[in-house]
Structures are given as structure tokens and as C-alpha cells.
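Shown next, in C-alpha cells, is the structure this report addresses.
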Amino acid sequence: MNLATKSAGEKTRELILQTALRLFRGCGFEITTMRDIARAAEVATGAAYYYFPSKEAIVFAYYDQVQRAHAETVREEWKGESGLRERLGVVFHSKLEILKDDRRFLGALFRYSADPQHPLSVFGKGTQMQRAQSMAIFREAIAKTSISEEAQQLLPAALWLVHLGMILYFIYDESSDQRKTHKLLDGVLDLLTQAIELSDSALVRPFVQPFQNRVLQMLQEAGWTAEL
């Protein structure tokens, strides 16, 4: 739905969201208040709270926005790409491209990861839906490959954790256009792809399969059943 076809309420919500993100990026997430957001958007403070009960609600809307953009981008760029390395490259690099203007903002959010009770923790219950959506992209990336069923169950969670680590490195990367991150990522993906293909070979699979099953069991016992 484009701006011209949105209702007045949808336009107001979008205005508040984009204004909040601009302030989070420019002034910082911690010091920006809902009152600041309402003032900058030129709406009543009550209106800001009507659409977003808290700053955390705005962050969840941002997560959803990023996820939609990422899904649309990878599905478009996947056309004609059937190799595992190429498909994973699209997923990882396109995510960093989408986040390139939000490194400061994301740095502020990452500090909540260590607090399992915080609603914005990437490992907490509050972000379970966003986590599952992100893993679904990785699941889709490997779906058309010939890797085993066990590997297809395990890899989305493993790849999601790798992507989280790359985003953290990306946040602190001060090189031009974060080239160091993209270069490191290419090396990591080369090694990962080789390891996946080797572990899935007919010769190695019988030895790897018990390990994969055990890891899956551990993740499920840890409460990751919904994501897996």
C-alpha cells in the first residue's frame, strides 16, 4: 500500500514511526522520549501513545519493517540463484545493506540482549516472532538444496546466530562502507558452505548425523522448539 492509498490513521502512524526512527538514529534511542517524538512529528503526545504505547513498540514496528524489506529483497535477488553459497550470500549481504544507516541505533538495542527479561532482547520471548521470521528466511534459502533433512532442521538457527554475530561486528566496523564486514562475511560463508557440503556428503554424513540430532535435541530442550 503506497502513501496515496493509506488512510489518515495509517499516515499518522507512519509519520510517527519514521520520525521516531530519525530521532533514534540522530539523537540516540535512550535519550529520545515519546514526547520528543510527538513534538518532532507535530502530533499530540496522546496520539503518539495511541499508535505506539512505548518506544519498545516502535522498535517492534521497525523490526517488522526490516523483516518485510529483507524478505522482499532476497526473494527478488534469489531469482536464478540455486547454489547454496549464492543464496546465503544474498541473505547476509542484503540484510547488512538494509541496516547500514542504523548502526548507532542497533548498537543501543544490542545492549538489551544480555537481559532475558527485557522485551527487546534478541533471545527473549518478546522477540520470538521476529526471530522465527528471520530463521524462516534462512530455511527458505536452503530449502532447494540437496542437504539432509537433519541439516535443514538445524541450519536455520545456526545461520541466524552467525548473522547475529556479523551484525554485531558490522555495528563496530568503521571501515568505508563497512567493507571489512562484507569481506569477513564472504570468507565465513565460503567456509560455512564448504563445511555444510562436506558434512552432507555420503561419506561423512553417517558420522555427523548423530551430532546433528543431539544439537537439535539440545536446542529444543532450551526452548527453541517454535523456531525450529
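Each reported figure results from applying straightforward, stated rules to the coordinates on display, with no laboratory input. Here the structure is a predicted model, which is why all the values come from computation and not from measurement. When we count neighbours, we look across all protein chains shown, and the Cβ atoms used for this are built from the backbone with ideal geometry, even at glycine.
Here the Karplus curve 6.51 cos²θ - 1.76 cosθ + 1.60, taken at θ = phi - 60°, turns the phi angles of region 41-48 into couplings of 7, 6, 10, 5, 4, x, 5, 4 Hz, with x standing for Gly and Pro.
Applying 1/(1 + (r/R0)^6) with r as the Cβ-Cβ distance of MET129 and VAL188 and R0 = 41 angstrom yields a FRET efficiency of 0.95.
Restricting to DSSP loop positions (anything but H, G, I, E, B) with no more than 16 other Cβ atoms inside 10 Å of their own Cβ, which trypsin sites (Lys or Arg not before Pro) remain in region 103-175? Let's see the in-between values first.
Numbers: sites: ARG103, ARG104, ARG111, LYS125, ARG131, ARG139, LYS144; in loops: LYS144.
Those that pass, being in a loop and sparsely packed, are LYS144.
Between the labelled values [x] 61, 21, 16; [y] 36, 19, 17; [z] 34, 18, 14, the entry that holds semi-axes √(5λ) of the Cα gyration tensor in Å as derived from this structure is [y].
In the chain, helices alone account for a calculated mean residue ellipticity at 222 nm of -22500 deg cm²/dmol, with every DSSP H run of four or more residues adding -39,500 (n - 2.57).
With the Cα gyration tensor of region 111-187 giving a ≥ b ≥ c as the square roots of its eigenvalues, does the rule (a/c under 1.5 for rounded; else a/b larger than b/c for prolate; else oblate) give rounded, prolate or oblate? The shape class here is oblate. Cross-link partners of LYS144 among lysines, defined as those whose alpha carbon lies under 18 angstrom from its own and excluding same-chain residues fewer than eight positions apart: LYS79.
Which GluC sites (Glu not before Pro) from region 1-56 combine a DSSP loop assignment with at most 12 other Cβ atoms within 10 Å?
Values: sites: GLU10, GLU14, GLU30, GLU42, GLU56; in loops: GLU30, GLU42.
Here the sparse-neighbourhood loop sites are GLU30, GLU42.
Taking every alpha-carbon pair within region 8-53, the share separated by more than 15 Å comes to 32 percent.
The calculated Kirkwood hydrodynamic radius for region 141-228 is 14.6 Å, given to one decimal from all distinct C-alpha pairs.
Phi angles across region 118-128 convert, under the Karplus curve 6.51 cos²θ - 1.76 cosθ + 1.60 with θ = phi - 60°, into 3J(HN,Hα) values of 6, x, 9, 4, 5, 9, x, 5, x, 10, 4 Hz, Gly and Pro given as x. Taking every alpha-carbon pair in region 19-79 and binning the separations at 5 Å intervals from zero gives 4, 18, 24, 20, 12, 9, 7, 5, 2, 0 percent.
Using a Förster distance of 45 angstrom, determine the FRET efficiency expected from the C-beta separation of SER175 and TYR50, and round it to 0.05.
Efficiency computed from Cβ-Cβ geometry: 0.60.
Loop-located GluC sites (Glu not before Pro) in region 124-194 (DSSP state not H, G, I, E or B) with no more than 12 neighbouring Cβ atoms inside 10 Å: GLU174.
I'd like the FRET efficiency for VAL204 and ALA71, computed as 1/(1 + (r/R0)^6) with the beta carbon distance as r and R0 of 30 Å, rounded to 0.05. Before the final figure, lay out each step's value.
Working: r = 33 Å, r/R0 = 1.09.
Plugging the Cβ-Cβ distance into 1/(1 + (r/R0)^6) gives 0.35.
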